[in-house]
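The values are calculated or read from the model by the stated rules, or taken from the named source; none is laboratory data. A quick note: this is a predicted structure, and the numbers were derived from the prediction, not measured. No Cβ is skipped: glycine too gets one built from the backbone with ideal geometry, and neighbour counts run over all protein chains shown. SASA here: full protein model, heavy atoms, side chains in, ligands and nucleic acids out. Shrake-Rupley method; radii C 1.70, N 1.55, O 1.52, S 1.80 Å.
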Amino acid sequence: MNVAIVKYNAGNIFSVLTALKRLGIEPLLTDDAEELRKADRVIFPGQGEARGAMEYLQARGLDQVIRSLRQPVLGICVGQQLLCRHSEEGDVDCIGIFDAEVKRFCPTRHEEKVPCMGWNRLYDTRPELMNGIEGQYVYFVHSYYVPLCKETIAAADYILPYSAALHKDNFYATQFHPEKSGSVGEQIIKNFLAL
């Protein structure tokens, strides 16, 4: 299977590369539009800041390329947030696959720290990406979140309920890091590859 990882101004890409290699996949890390279009699967991972990431993507036309993809696409962490309509982080318009606004966590009690870091339980999961995942724990690191919306396929709670995963058409996304979530995350990556 031909799997491409979007190369752009974001961190965490190499942990995704490593996770795929553990599954016997030799992914291509690329920012070439044709390579992305001809891949069987595209993964759009990232850690970083939304405005800087969007500026990098727009300067290279990658926002338009991602929007035009027709094969299964998986956004991870900032990749999920950039697939939304707008982010409060840097007050920036994003790619717009999901009609949702990314918001910053606002703590209401002293023990509610931002960023949210650590393991959290998924609930209200829906197929196909989340097959076999209901009630499982996955690893999160984020200060911003996507509110629950019609595209939510898994929820988690931190300060408030929010979208842990999204799906619309051929686009899937997770706020958590499947590549850092042990056997549960590995199952999610396998589910994505099997779509």
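Points to keep in mind about this one:
- Dipole of segment 1-77 computed with +1 at Lys/Arg Cβ and -1 at Asp/Glu Cβ about the Cα centre; of Gly75, Ala10, Ala33, farthest Cα towards the positive end is Gly75.
- In segment 50-149, Cα pairs under 8 Å separated by at least six residues give a relative contact order of 23 percent.
- Theoretical ellipticity at 222 nm over the chain - DSSP helices of four or more residues, -39500 (n - 2.57) apiece, nearest 500: -7000 deg cm²/dmol
- Interchain or long-range residues, amide H under 5 Å from Gly46's placed H: Ile76, Val78, Gly79
- Computed from phi, the 3J(HN,Hα) profile of segment 165-176 under the Karplus parametrisation 6.51, -1.76, 1.60 (θ = phi - 60°) reads 8, 10, 8, 8, 6, 8, 9, 10, 7, 10, 6, 7 Hz, with x in place of Gly and Pro.
- The tail of the calculated P(r) for the chain beyond 28 Å holds 17 percent of all Cα-Cα pairs.
- Probe 1.4 Å, accessible area per residue of the chain, Å²: 43
- From phi via Karplus (6.51, -1.76, 1.60), per-residue ³J(HN,Hα) for segment 180-195 in Hz, x at Gly/Pro: 10, 10, x, 5, 5, x, 4, 5, 5, 5, 4, 4, 5, 5, 8, 4
- Violating pairs (Cα-Cα greater than 25 angstrom) within the set Lys38/Lys168; Lys113/Lys180; Lys7/Lys180; Lys38/Lys150; Lys7/Lys190; Lys113/Lys150: Lys38/Lys150; Lys113/Lys150
- Counting only protein chain heavy atoms and rolling a 1.4 Å probe, the accessible areas of Ser163, Ser68 rank, largest first, as Ser68, Ser163.
- When you restrict to C-alpha pairs under 8 Å that are six or more residues apart and normalise by the size of segment 1-63, the relative contact order lands at 47 percent.
- Here the Karplus relation 6.51 cos²θ - 1.76 cosθ + 1.60, evaluated at θ = phi - 60°, turns the backbone of segment 67-78 into coupling constants of 4, 8, 5, 10, 7, x, 10, 10, x, 10, 6, 4 Hz, with x for every Gly and Pro.
- Charge dipole (debye, nearest 20) of segment 117-195; +1 at Cβ of Lys and Arg, -1 at Cβ of Asp and Glu: 60
- Rounded accessible area of Glu26 (nearest 10 Å², 1.4 Å probe): 140
- The mean sequence distance of close C-alpha pairs (under 8 Å, at least 6 residues apart), as a share of the length of the chain, puts its relative contact order at 18 percent.
- About the Cα centre, charge dipole magnitude for segment 29-176 (Lys/Arg +1, Asp/Glu -1 at Cβ), debye: 180
- Highest-fluctuation residue, Leu23, Leu74, Leu129 considered, GNM on the chain with Cα pairs under 10 Å: Leu23
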